[in-house]
Amino acid sequence: MTTIQPTPTIELELCPERAVWWARQRTMFVADLHLGRVPSTCVGDDALIRQTLARLTSAVRRYDAQRIVFLGDMFHMKRHYNAELLAIMSDWRAHVASLVLILVRGNHERVLGDPPASLDLTCVDPGYSEEGMTYLHEPRSMDGYTLCAHLHPSILVPSARVAAEAVPCFVIGQSYLVVPAFEDLVPGRIIPKRADESYAYIQHGTVTTI
């Protein structure tokens, strides 16, 4: 188990599901689902949406979460607020009806507007905070500790198949944590390593800190 302690009273687990788990608050943080984004070869195919939601449900059940905080960019484009996708989302929401869902607005929400009220989401602006921890989508300097996303961070690590493989990672700074994208359709952005950061990468279902 890989954990960090951003404040004296908060411990967070970095999960191989590309999520962050706050056990004391029974809260899971995920980011950048980009629901509706599919390859150009299969526009209209809902399989990837269902797969993403199934992965999320599996993570929620494994940790027995009572709340999910989405750190922005839940949907990808305005046209994804369509009847077909919303029917899939509504069905998923009915299966996790007891979960409290909070969406921190990201750059895509600024363009799309909030998701439909039928999904029973509480939408908040970036800067929403709890117990000295602030939730953002796009990283920026703030007082205290911040959880943020947006970068879709990945890092190159050794692989049995190739010399180096790009895998999703958490970026751990002294006053911030950048969460990897939950979607697995688009490769992450390889980030340059910095001396003032450490990294926890996800490979073969495990989290390794470097």
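The values are calculated or read from the model by the stated rules, or taken from the named source; none is laboratory data. Here the structure is a predicted model, which means the values were calculated and not measured. Please note: Cβ atoms are built from the backbone with ideal geometry, for glycine as well, and neighbour counts cover all protein chains shown.
What the table below lists for this structure:
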read-out	value
Residues located in segment 194-205, provided they are surrounded by fewer than 12 Cβ atoms within 10 Å (Cβ to Cβ) and within 27 Å of Pro8 (Cα to Cα)	Arg194, Ala195, Asp196
Residue identified as modelled with pLDDT under 95 and not hydroxyl-bearing (Ser, Thr, Tyr) among Ala47, Ala94	Ala47
Long-range neighbours under 8 Å by Cβ, at least six apart or interchain, first residue under 19 Å from Gln174 (Cα atoms) and surrounded by fewer than 16 Cβ atoms within 10 Å (Cβ to Cβ) within segment 1-25, second modelled with pLDDT of 95 or more and of a type in the set (A, V, I, L, M, F, W, C)	Thr3/Leu12; Thr3/Leu14; Gln5/Leu12; Thr7/Met133; Glu11/Ile4; Glu11/Trp22; Glu11/Ala23
Test: residue in segment 80-87 that is of a type outside the set (A, V, I, L, M), surrounded by 15 or more Cβ atoms within 10 Å (Cβ to Cβ), in contact with an Asp or Glu (Cβ under 9 Å, 6 or more places away or on another chain) and in contact (Cβ under 8 Å) with a residue 12 or more places away in the chain	no
Residue check for Leu71: modelled with pLDDT of 95 or more and more than 23 Å from Ala200 (Cβ to Cβ)	no
Hits in segment 100-144 - residues which are among the acidic types (Asp, Glu) and either under 19 Å from Thr7 (Cβ atoms) or free of Cβ contacts under 8 Å to residues at least 40 places away in the same chain (or both)	Glu109, Asp114, Asp120, Asp125, Glu130, Glu131, Asp143
Sole residue being surrounded by fewer than 14 Cβ atoms within 10 Å (Cβ to Cβ) and either within 15 Å of the chain's Cα centre (by Cα) or modelled with pLDDT under 95 (or both), chosen from Leu185, Leu177	Leu185
Scope segment 118-143; condition in contact with a Pro (Cβ under 9 Å, 6 or more places away or on another chain) and either of a type in the set (D, E, K, R) or over 30 Å from Ser90 (Cβ atoms) (or both); matching residues	Gly132, Met133, Thr134, Glu138, Arg140
Boolean, Asp196 is part of a loop (DSSP other than H, G, I, E, B), of a type in the set (Asp, Glu) and more than 23 Å from Ile102 (Cα to Cα)	yes
